[in-house]
Every structure is written in structure tokens, then in C-alpha cells.
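Shown next, in C-alpha cells, is the structure this report addresses.
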Amino acid sequence: MEKRIVKKGIRVLLARLGLDAHWRGSIVVAHALRDAGMEVIYIGNQMPKEIVETAIQEDVDIIGLSSLSGNHMILAPEVVKRLREKGTQEIPVVLGGTVPPDDIPILKEAGISGIFGPGSSLKEIIQFISALGKK
Amino acid sequence: MAFGKRSKRQDLDLQSSPMAFKNLSGFVIDPVYGTENIAQLDVERDLGGPGEFPFTRGIHKTMYRGRLWTIRQLGSLGSSGEANMRIRNLLAMGATGVSICLDMPTIMGRDSDDPLCEGEVGSSGGVAIDSIADVRQLMDGIDLDQVSINWVCNAQSCVILAFFVAVAEERGISADKLAGTLQNDILKEYQAQKSYYFPPRSSMRLTVDTIKYCCRHMPRFNPISISGYHLASAGANPIQELAFTLANGFTYVEETIKAGVDVDQFAPRLSFFFKVHNDFFENIAKFRAARRIWARAMKEKYRAKDDRSWLFRVHTQTAGSSLTAQQPENNIIRTTLQALSAVLAGTQSLHTNAFDEAHSIPSARSEKLALRTQQIIAHESGVIHTVDPLGGSYYLESLTNKMEEESYRYFEKIEQLGGVLKGIEKGFFQREIADSAYQYQKDIENKRRIIVGLNEYREDGEEPIEMRETDPTFETRKIAELKAFKSQRNQQRVSARIEQIREVARGDGDFMPLFIEAVKDGLTLGEIIGAMRDVFGEYREEAIF
């Protein structure tokens, strides 16, 4: 078993962006975060507006987005933008999925805290999120 | 002597890796297989000859000596114009069939101008289909009565079929001349791929509706491709893929019989779709077990008399989920091994993935290499010279038996749950698959499973790979095109058709003839699905993890 080194009670909202049906990655991550002692609120497919509203309502520490269909360049920055509009920019946004390397600097510039492409390990993701959640 | 003198140390190293001798289904593999492992095997009863019941050795007597498998590659891309060029290019390079994937909005039953589709129009290497105009352009210059088209569509299959039939009619080709396949497998959408909109029973009604239509009007067309591929992509291991796919197949058989169709009228047109993953012999055993189980059930349980009803005919794709983003050229080798196993397993049709697909949709170069992989296996390797060259292998036959037994165990469990639809409602398949996906990922992270370049033999500073450029203006152009198309329709007729569709949905009549007329009047995919959504409602499930 993995060592549970994370702070208890980090609340993570996980959503798939837009219509993207690919679910394996986000479900495996959800399972791993839960096993690492975090609270996972998995809301499936949503648009940025609903994601931000739910994040605020649920008082989450982190938002995790999943996209494998190519909408990440539009919708992921949109989530950050809406968080700023609501004055809740302290909630970090993390993205996982099929993200071409060239897009990474642009997304980071737009305020995405972490990006996990294909081949990322659950350990890295857990460590990253637990570090963010402690801040 | 140098050989035979393996050091103890080497043995120990292998032993210390506990997963080294387990296949993907988790079966422990013995050091060696012999007659004792297949003592129960009755060659005549359990294998038969190729083309003979129960078809373990293949569904045709001469297999690839008579006819090569269909080399079927994906010919889709954002716009129907581009996709058309890609299809023509693949056929020119020697592909003998094509598959067409849809973009995410089309998959989810939405038109390109729907606000939910922002950023996804023409996505995922799929083509954006809103109206008959898109299919007209997509099929332009392609011999519809020669080339078999595999439509990778599911919840929206009935509408895609209507577009296809209507476009063929415009070109003077009647539906009975059309060859090809609709994926149309809605059960696995709830279990794994998650592109559904209606509740399972309403979806099942649409699937049976298309099966009925094809039985009557399209004798060369497969109305369904019952798919394990997506179960496996979502995480199902090979034994789950095998058992769940067949269980789904039996469900379609039972539902169609319930709708009043004789089994021999539709069973010969049922087709399947499997994945080949990394474990070479496990892949082959899976196909052999599938053929045997299907043949026996169709003959003995469902009382099909036509021997074509007994055949498990299958399209295969190499495993997209086995591709790594790291050291992407390694994927060429993985794909080659997987493709070879599919051929040795006796597939009817094969798609080989391109090596860059963990990053993006294939480049022109990677797409060509994928196609050439199949041609090299076909023409250079010699494996097609004889039918079922691995038949009789102690290991393979024993593994086939084991997969068959384990499948029956799953069938029992599913029956206890009340059948496949009940199993879906109870989340049984979803949980099984999610658990396997998580287990697989943990095995990789704990190095119980070695993936070259990913968790072992890693390299720093990977070279960037060449990627296919996508057109960032496409979405805006597509929406404008759709607006122009909509403005030219007779709005009254459109509204009347929408009402008719709702009416049929409320009752229990047939949809297909109405859909064909509706798309001729310019109804879009989103409008037709939308009209049904008004009546059937939308299905939501809790995520299981």
C-alpha cells in the first residue's frame, strides 16, 4: 500500500471538461486521491461556469480538470478566469489528460498550477495536490 | 555446453518479480504446458476444423489463403472535407476498409452550434457531423457499393444510418447495396465509454430498431458491432472484456427476439470488436474462446439453425491504452506484436494504431507506418500460409479453456444480478472495470508490470515529435456553415418532423423510416436526438470509484 502522507481532509473537486466522455483517467485519479485520504467530489462533465459554482459551494481546496478531447486550451483557462472574477483565485486548478507539450507553457501562463499528461504517476499527482492543499 | 546453464541468479531475478508470470487477466501461467493440461480437450468437439463448429480454429475453412483480413484504418478528421481526403488517401495506400469516428459533440448528440461544444468541434480525430450535407461531403467520390464503411457511432447510430442511407439514395444506390457496420453498441456505453444520453431501455429500443431496419433493407450491412474494445480501454482486463462482450451480445439477441424477429434473420449480421493488448497468447486465446462460446450458445441456447448465425465475426484494434507518450517509437513495436496476435487469432478485420496517438491524432507519417505494419505481416511474415498455425499448442489450448471457464463464471454472476441491463443499473460492470483500471495503474507504479520507457528504461530529454496541425478556425467556420444550412430549410416541415419524432418516441413504432425522411428535410443530428431527449429524458449515473 502507498504510504498515506497527506493531510486529512483536502477537498478536491474533479470534473471532466465540456462533453469529453473519456473517464478512465479521472476515475483512477479519483480512486487514488480517496485512498490517499482526500475527499473527492466527482461531478463528471461540466462547463467552467458550473465547475466554479460547485467549487465555491463545496468549499473545495483544489479543482482537478480532465480533458482528452482537445478543449483544454479554451475551457481550462476559462475556469481560472471565472475563479478570479468571483474573487476565489486562491483555489488552485490542476489539469490532466492529453495535453500536447507545446500547450503546457501557455496553460501555466494562464494560471493552471499543474499539468499531468499521459504517463504521469498517481504518486506524483497525490504529492502535488497534497502540497497545494497544505498552503 | 553454454546453453542450458542458466545461472541461478537469473532465475531468482525473474522469480522475485511476482507479476512476471501472470497475464493481464491475472491468471498464473505455469512454467511449461503439456498433454496433461489439455487432457479434457476433445479435438473434434472443442476445436473442430477451421470453418467447422464450434469454430475455435477460425470461421472460414481457408482463412487468409482465401481472403486477407480487411485492413481497416481510421479515416476521420475534423471537417468532412478533410476526412474525405484522408479516406481517399488511405484507400490509395492499400487500405481495404475504413472506419469513421465522430467528434465529441456528434458523439454526445449535439450540433456544432450548441454552447456545450465549445472547443470540441472536430475534436478527438473525429468528424463533425451535423446534417446530411456533412455526410454528402464525407462520402464524395467514394464507391459506396464497393468500400465497406465502419461507422464508429453508438447512441446516435440511428441518425448516422439515416444520413448514410439518404446520401446513398441521392446517388442512386439503394440501401441493400451498402456494405459496412454501425457500432451501435449501447450497453458498453453505460458500462465503459460513457457516451449515452437516454436511459438504457430507451437506448436499447433504438438499437433494436436499427437491427430490425437493417434485417429488412440492408443485407450486406452489420447493424451492430458488439464491442469489448472500449471495455478494455476503460480498464477491463481480457477476461472481463471477453465475458462482458459476449454477455452483451446475448442481451442483444434476446432483446431482438423479444421484438419479434427470428434469430436467423438477424444473427448472421451481428459482428464484434475486440482489443489486442500486450499479452500475446492471452489475446489469441480470447478470440478462440469467444468463437467457441458464441457458436455453442447460438446453436444450443438460442436455437439458431443457419450456420452463419453461429459465427463470431470480429474486427480488432491494437490497444490504444497500451501506447506510451514516452519514447513514442516504442509503440511501433507494441502495435506490431499486438497486430500479429490478432492475425494469429483469426480476426476478420484489423486496425493498427499510429505510434504518436498518446500525444495527438496521427500524423500523415505515423498513419502510413501503421497501415504498412499490416501489409508487412500479411505479405512478408508467412503467418498467413496456413490456417490457425497455433492450434493444438498445449499452452494456447489450455489458456483458451481457462478463459472459457472463467467466462461462464461471469455469465452466472450476471444472471444472478438479473441480466446485463440490471447489472448496469446496479453499477456492477462499472465497478469491475474501474477496479481493474486502478489495479493496472498500481501494478505499473509498483513495477509489478514493466512498460518499457515508462516505468523502466526511461530517458531524460525526449525529442519532440511531429504532430498533425489542427485548424483553430474550424469551429467558427463549422458553426457558420450550419447556420447557413439551417436557414435554407422549410422551417414548417422541420417543426412538423420534430413533433412526429416525439410522437413515435411516446409510442412504440419504428423510427428508422421516419429518420430517413427527416434528414432529407434537413433535420440535424442535434434536433433529432433533442426531440427524443424531450420524451426519453436524460440518464445520469453516480460515478463509481
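Computed from the coordinates by the stated procedures, all read-outs in this text should not be read as laboratory data. All of these numbers come straight from a predicted model, not from anything done at the bench. Neighbour counts are summed over all protein chains in view; Cβ atoms, including those assigned to glycine, are modelled from backbone coordinates with ideal geometry.
Just a few scattered comments:
- Long-range amide H partners of A:Gly44 with built H, under 5 Å: A:Arg16
- Principal-axis analysis of the Cα atoms of chain B puts helix B:525-536 at an angle of about 90° to the longest axis.
- Local charge for B:Val276 was computed over the other residues whose Cβ lies under 12 Å away, with Lys and Arg +1 and Asp and Glu -1, and equals 0.
- Once you reduce the stretch B:483-514 and the stretch A:17-74 to the center of their Cα atoms, the two points are 36 Å from each other.
- Considering only the Cα atoms of the protein assembly as shown, their convex hull presents on average a projected area of 31.2 nm².
- Residue by residue, the stretch B:40-56 carries 3J(HN,Hα) couplings of 7, 6, 9, 4, 5, 6, 9, 10, x, x, x, x, 10, 3, x, 6, 4 Hz when phi is fed to the Karplus relation 6.51 cos²θ - 1.76 cosθ + 1.60 (θ = phi - 60°); x denotes Gly or Pro.
- The stretch B:132-153 and the stretch B:406-448: distance between their alpha carbon centers, rounded to Å: 36 Å
- For the stretch B:398-462, the set of chymotrypsin sites (Phe, Trp or Tyr not before Pro) satisfying both a DSSP loop assignment and a count of at most 16 other C-beta atoms within 10 Å is given as B:Tyr457.
- Rounded to whole Hz, the Karplus (6.51, -1.76, 1.60) HN-Hα couplings of the stretch B:104-112, x for glycine and proline: 4, x, 5, 4, 8, x, 10, 7, 4
- Helix-only [θ]222 nm of chain A, DSSP H runs n ≥ 4, -39500 (n - 2.57) each, per residue, nearest 500: -12500 deg cm²/dmol
- Cα-based shape type of the stretch B:344-468, given that a ≥ b ≥ c are square roots of the gyration tensor eigenvalues and the cut on a/c is 1.5: oblate
- Cubic angstrom per residue, convex hull over Cα atoms of the stretch A:11-134: 89 Å³
- For the stretch B:25-70, the set of chymotrypsin sites (Phe, Trp or Tyr not before Pro) satisfying both a DSSP loop assignment and a count of at most 16 other C-beta atoms within 10 Å is given as B:Tyr33.
- Between 0 and 90°, nearest 10: helix B:80-92 axis offset from chain B longest Cα axis: 40 degrees
- Placing R0 at 56 angstrom, the Cβ-Cβ distance between B:Asp262 and B:Lys447 gives a FRET efficiency of 0.55 after rounding to 0.05.
- Per-residue ellipticity at 222 nm from helix content only, as computed over chain B with -39500 (n - 2.57) for each DSSP H run of at least four residues, stands at -14000 deg cm²/dmol.
- Inter-label distance, nm, simple model (7 Å from Cα along the C-beta direction), A:Lys81/B:Glu254: 5.1 nm
- Beta bridges from DSSP with both residues in chain B: antiparallel share about 5 percent, rounded to the nearest 5.
- With contacts taken as Cα pairs under 8 Å and at least 6 residues apart, the stretch A:11-134 reaches a relative contact order of 27 percent.
- Farthest toward positive dipole pole in chain B [+1 Lys/Arg, -1 Asp/Glu at C-beta], among B:Trp151, B:Ile376, B:Tyr197: B:Ile376
- Overall form of the stretch B:422-545 per C-alpha gyration tensor (a/c, 1.5; a/b vs b/c): oblate
- Computed from Cα positions, the angle between helix B:280-296 and the longest principal axis of chain B comes to roughly 60 degrees.
- Overall form of chain B per C-alpha gyration tensor (a/c, 1.5; a/b vs b/c): prolate
- Sequentially through the stretch B:405-422, phi angles give Karplus couplings (6.51, -1.76, 1.60; θ = phi - 60°) of 4, 5, 4, 4, 4, 5, 4, 4, 4, 5, 5, 4, 6, x, x, 5, 4, 5 Hz, Gly and Pro residues having no value and appearing as x.
- Taking all Cα pairs closer than 8 Å and separated by 6 or more residues, the relative contact order of chain B comes to 19 percent.
- Put simply, when A:98-109, B:152-163 are sorted by average Cβ atoms within 10 angstrom per residue, most first, you get B:152-163, A:98-109.
- Residues with amide H under 5 Å from that of B:Thr70, placed H, sequence gap 5 or more: B:Ser349, B:Leu350
- At most 13 other Cβ within 10 Å, DSSP loop - trypsin sites (Lys or Arg not before Pro), the stretch B:275-343: B:Arg303, B:Lys305
- The residues neighbouring B:Val98, those whose beta-carbon lies less than 11 Å from its own, together hold a net charge of +3 under the Lys/Arg +1, Asp/Glu -1 convention.
- For a straight C-alpha distance cut-off of 17 angstrom, the lysines reachable from A:Lys81 (same-chain residues fewer than eight places away being disregarded) are A:Lys49, A:Lys108.
- Pairwise centroid distance, computed over Cα atoms, of the stretch B:84-108 with the stretch B:524-541, Å: 27 Å
- Peptide B:104-111, shielding by other chains (average Cβ, 10 Å cutoff): 3
- Cα-Cα over 18 Å, subset of A:Lys123/B:Lys194; B:Lys22/B:Lys402; B:Lys402/B:Lys447; B:Lys22/B:Lys442; B:Lys177/B:Lys305; B:Lys22/B:Lys194: A:Lys123/B:Lys194; B:Lys402/B:Lys447; B:Lys177/B:Lys305; B:Lys22/B:Lys194
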